[in-house]
Structures are given as structure tokens and as C-alpha cells.
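Step one of this worksheet: look at the structure below.
What follows is calculated from the coordinates using simple rules that are stated; it is not laboratory data. Here the structure is a predicted model, which means the values were calculated and not measured. Neighbour counts run over all protein chains shown; Cβ positions are idealised from the backbone, glycine included.
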Amino acid sequence: MKSAVHDHGEHTRMRPRLSVVMPSFNQGKFLEDAIRSVLDQSYENLEYIVVDGGSTDESLDILQAYGPQLTHWVSEPDKGQYDAINKGFARTTGDIMAWLNSDDKYMPWTLSLVADIFAAFPHVEWLTSVRPVLWNEQGQPTKIDCTGGISRRSFAKGGNFSGKRSFGRRWIQQESTFWRRSLWERSGARLDTNYPLAADFELWARLFQHADLYGVDAILGGFRMHGDQRSVLQHERYLQECEQILVRNGHWPCSLAESLLRGGLWTMLRPWSLTLPPSPFDRMLTAMGLLYPAPIVAWSGNNWELTTGFSL
């Protein structure tokens with residue numbers, strides 16, 4: 001076992017303490033890029049833990065080089081990605097929590113933006129970007145999508161799931177999702193390792209039982225497409241686990257008619273999904289249960305403000 005601990009002293013009081021956990025295994029090709037996407041932000045109240053599963057590539061050299069800038073790192077065998085994340089979170093103390101896989105990246109402003117929003121709105125318990133990014137293998141952004149608003153009712157019906165029977169094609173991007181420790185503790189304070197691929201999706205289902213998810217109209221992070229991820233190589237199994245989670249937690253599956261209707265409405269209404277004009281059409285769709293109001297955080301020109309979007 002290789003490990004190191006670095007003491008950063010007392011918590012800085014200027015901004016909330018952010019705890020970021022990074023699981024890794026033989027991702028030396030991307031690891032330094034991922035680490036620098038966190039450290040180069042120079043966020044003054046960061047608790048950053050890397051849990052490596054005993055890599056045999058260049059990862060150990062990279063961790064040793066960056067070790068003095070990390071709160072803690074370890075390289076030892078574990079029981080997989082989500083076990084590593086649980087291990088990392090067990091060592092954290094921060095008010096705001098997230099994990100970033102070692103082949104993905106944050107934007108340069110992510111931590112300060114997230115901290116400012118959580119500080120400005122104490123009732124916001126978790127948030128995610130409505131502008132998810134995809135990186136290519138070289139770390140260049142290749143796609144910026146728009147999920148629209150995100151609601152627990154739509155999630156339960158499959159609105160944030162891209163299975164064959166689902167109208168939804170809008171994942172909640174894990175790389176862009178952050179939550180308060182208080183919500184984490186109320187929701188069980190762990191990732192469910194009974195889902196070896198979709199424990200992130202299962203966590204979202206549990207968090208939704210306790211709080212609404214606020215969508216942030218800003219770019220926070222991105223998923224690197226290089227073809228060697230489990231979620232890509234075992235995509236069908238990932239979808240099967242998501243279906244099991246939806247059956248357990250929601251009203252899945254939607255009927256074929258409802259799925260087609262919701263999918264068609266999303267195609268038409270997507271450009272307006274981040275605002276909810278008080279039109280008779282919107283009120284009719286809401287009354288019919290086809291349109292669900294969803295909370296949004298957006299920049300007003302002077303500060304961050306709460307508004308309402310919608311999901312289907």
C-alpha cells in the first residue's frame with residue numbers, strides 16, 4: 001500500500017469547504033489532466049482525496065508528484081470504483097461533496113461557482129449543470145448539450161434515462177453534480193455497491209427522495225469519451241441497472257403512448273425549457289401532468305438568481 005496525507009491547516013472561512021473524491025485505476029494517461037482540473041482552480045477551502053485501486057501504470061508516479069497538494073491519497077487494492085468512492089468520502093469533512101473520475105475534468109471556474117451558489121441559497125441541497133459537456137480523448141470539448149430543467153417526477157418516469165422504452169435522453173451528468181453533506185447523510189451516506197455500474201444513478205434516486213435538484217445554467221464539468229469506460233463498454237448492463245432502480249423508485253415504465261407524447265413535446269419545447277412563461281399552454285400541460293416545473297439557477301447579469309424551467 002502507498003499513501004500520503006497532507007495537512008492544510010484550519011478550514012478557510014471565506015467559502016464553504018468542498019470535498020472532492022477522485023477514484024482511479026490505471027488511468028495514468030488522463031490522471032494528471034484530471035488532477036490539474038481540480039488543483040489549478042486554487043480554491044482556498046478544498047479537501048481533495050484521490051483513491052487509487054493499486055494501479056500498475058504511471059499513476060503512482062503522478063500521485064507522488066502531486067501528493068503534497070492533496071489532502072490525502074492512497075494506492076491499494078479495492079472492490080471497485082464505488083467502493084473507492086465510499087472509502088474516500090468516509091475521510092471527508094466538507095460541507096459540499098462531489099466525485100470526479102480520473103479520466104474526466106472540471107472547468108476552471110467550477111469550484112468557485114458551485115461554492116458561490118450554495119452560499120447564496122442555503123435551501124439548495126444539490127445541483128447540477130443543465131449544460132453537460134463531452135470531451136474527446138485529447139481533452140477537447142466536442143459537444144455541449146442542454147438537459148432542460150430536471151424534476152424528481154420526470155426522473156421517476158425515465159426523463160433522465162436513455163433506455164429503449166424511455167422518452168428521456170438527458171442524463172444527470174455526474175461530473176457536474178454537487179450536494180450538501182447534510183443531504184448525503186440523510187440519504188444513507190454511501191453509494192450502493194450492489195449496483196456495480198449505475199450506483200451514481202441510484203444515488204440520484206435517493207437524493208430525490210429528500211430534495212429537489214437545481215439545474216445550473218452554466219458549464220461545470222465534462223465526461224471524456226475515449227471508449228475504455230465501463231459505462232461505454234457495458235452500456236446495456238448499465239441501462240439494465242438503471243431500469244431496476246426506476247422500477248424500485250418510480251413509475252417505470254411509461255406507457256408507449258405517454259413516452260411518444262413526452263418525447264414529441266420535448267422536441268418542440270426544448271428551446272424554452274430553461275424558462276417557464278406563464279402561458280395558457282404551459283398551464284394546460286402542467287395541469288395534465290405532462291410538464292413539470294423544475295428549479296433553475298441562472299446568472300441575471302449581476303448575480304445568481306433562482307428561476308423556473310421545466311422538464312417533461
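Points to keep in mind about this one:
- Sparsely packed loop sites in the stretch 233-273 (the chymotrypsin sites (Phe, Trp or Tyr not before Pro) outside DSSP H, G, I, E and B with at most 10 other Cβ atoms within 10 Å) do not occur.
- FRET efficiency, 1/(1 + (r/R0)^6) with R0 22 Å, evaluated for GLN209 and ARG91 via beta carbons: 0.30
- Dipole magnitude for the chain: computed about the Cα centre from +1 point charges on Lys and Arg Cβ and -1 point charges on Asp and Glu Cβ, it is near 1160 debye.
- Rounded to the nearest 20 debye, dipole of the stretch 1-103 from Cβ charges on Lys, Arg, Asp, Glu: 300
- Degrees, to the nearest 10: 256-269 long Cα axis against longest axis of the chain: 80
- The Cα-based radius of gyration and maximum Cα-Cα distance (Dmax) for the chain are 19.3, 63 Å.
- Sorted by Cβ neighbour density within 10 Å, fewest at the top, the residues HIS226, HIS123, HIS251: HIS123, HIS251, HIS226
- Label-point separation, CYS146 to MET288 (7 Å along Cα→Cβ), nm: 2.2
- Structure-based [θ]222 nm, the chain - -39500 (n - 2.57) summed over DSSP H runs of at least 4, per residue, nearest 500: -9500 deg cm²/dmol
- With at most 11 neighbouring Cβ atoms within 10 Å, loop trypsin sites (Lys or Arg not before Pro) (DSSP) excluded, longest segment of the chain: 14-163
- Of the residues LEU134, PHE121, VAL247, the one whose Cα sits farthest toward the positive end of the charge dipole of the chain, with +1 on the Cβ of Lys and Arg and -1 on the Cβ of Asp and Glu, is VAL247.
- Here the stretch 104-312 carries DSSP beta bridges of which approximately 65% are antiparallel, counting only pairs with both residues inside.
- ³J(HN,Hα), Karplus 6.51/-1.76/1.60, whole Hz, each residue of the stretch 44-49, x for Gly, Pro: 7, 9, 10, 10, 10, 10
- Available extension along the chain between ALA189 and LEU233 is 13.0 nm, counting 0.36 nm per residue and deducting the alpha carbon span.
- Amide H contacts under 5 Å for ARG170, placed H, 5+ residues apart: PHE161
- Spin-label model distance (nm) - LYS164 vs VAL247, 7 Å beyond Cα toward Cβ: 1.5
- Ordered by the count of other Cβ atoms within 10 Å of each Cβ, fewest first, TYR82, TYR292 give TYR292, TYR82.
- Ordering of 43-50, 293-300, 109-116 by packing is 43-50, 109-116, 293-300, highest average first (other Cβ atoms within 10 Å, averaged per residue).
- Neighbourhood net charge (13 Å Cβ-Cβ; Lys/Arg +1, Asp/Glu -1) for LYS157: +3
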